[in-house]
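Undergrad: Pasting in a structure now, in structure tokens, and then I'll have a few things to ask.
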Amino acid sequence: MTLSDVLLKSLCIVSLAGLFGCTGVGRGGPEILAAGHSDSNLLGQTSAAYDTPLAPVVIETRTTERLDVKTLTQRLKSHNIILLGELHDNPHHHQARAQLIEALGSGHDTGQAFTLVVEQLPMDAVISPGVIETNTDLLTQLNRAGFLEKAWGWPLHEPVFKAALAQGMAVHGGNLVPGQSMQLFRQGESSLPTALQGLLEKAPLSDRSQKALDKALVDGHCGQLPETMLEPMGLVQRATDLALLVTASQRAPAIVIAGNGHVRKDFGIPSLTGAIAKSIRLVTVGFIESDEQTEPSEAGLGLTPRSADTARTAEWALYDYVWITPAATREDPCKGFQMPKRSR
């Protein structure tokens, strides 16, 4: 087995600092447990300690104004595509997004109902709101649609799906279908699905954004990613973002659920709007972690424009709004990580 094959089967395009959302390179789905994440750590986050919603800490990044959920909802509803990020293993993020989806349940400013487009299902998957009125278990429906419950650490995303379906939103998959990621990795852009052909070239990344993407890929593999892997892995990430955007534009008004790396402005979905002929009003909300594992305090967030925390300011600037939660409990994902050696 070559190094490429090993990577395709075992690694996720994911920044361990939380910059990336997972894209399943090898099987059209995520590999959340890659790079040192343990199954028990992920599933352990669903304990009673996370059952009580925390007071929202929401910041408009342009002004550093702190908002309540009602104000955020009012500002989001005028956009026909709303991007909601996540760190996949943080239960607070899923609960916060469920709260926001419930608030958006009254629909777009035009009166149209929102559709939910999710990274966790392939493009051809649909779950109708009526599923919650049947005797069929939600997880069973999700699995039939292509959801990978172990990879996504079910029931972490359960609040999001339940909130959308309870609000009458149809759920549509937006990720590449199984097998497409591997084809892209091995064969390049020519193997893009028909619906995505010719679109990436209409929205090339700037040099600065390309360097940011490359850095996120390297950081996401503990600094050990071979340079030869950057281009094919970057293509898979960009194609996934494009798939999510095309699906959302076809189902607009839409709310998109994906990792923070997919919704960031510099190389995520917002960077691809030039590839779509339709007029898009897009807004992005990053869900990030406080430095503490307790409820974030205003004193510790650096809410003023003069904040000395330049790294945090730069992270905030990747989104229009940030929703800050406590951190998830996790081990160092780079501890003991070693890139597989190329077999001869």
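The values are calculated or read from the model by the stated rules, or taken from the named source; none is laboratory data. Just so it is clear, the structure is predicted and the values come from calculations on it, not from any experiment. Don't worry about glycine lacking a Cβ; one is built from the backbone with ideal geometry, like all the others, and counts go over all protein chains shown.
Undergrad: So for segment 185-206 (the condition being at pLDDT 95 or above, closer than 16 Å to Gln120 by Cβ and within 20 Å of the chain's Cα centre (by Cα)), does at least one residue qualify?
TA: no
Undergrad: Same structure, new question: Has segment 69-84 got any residue that is at pLDDT 95 or above, of a type in the set (D, E, K, R) and under 27 Å from Ala145 (Cα atoms)?
TA: No, every residue in segment 69-84 fails to be at pLDDT 95 or above, of a type in the set (D, E, K, R) and under 27 Å from Ala145 (Cα atoms).
Undergrad: Would you confirm whether or not segment 112-121 contains a residue that is within 30 Å of Ile59 (Cα to Cα), in contact with an Asp or Glu (Cβ under 7 Å, 6 or more places away or on another chain) and in contact (Cβ under 8 Å) with a residue 40 or more places away in the chain?
TA: no
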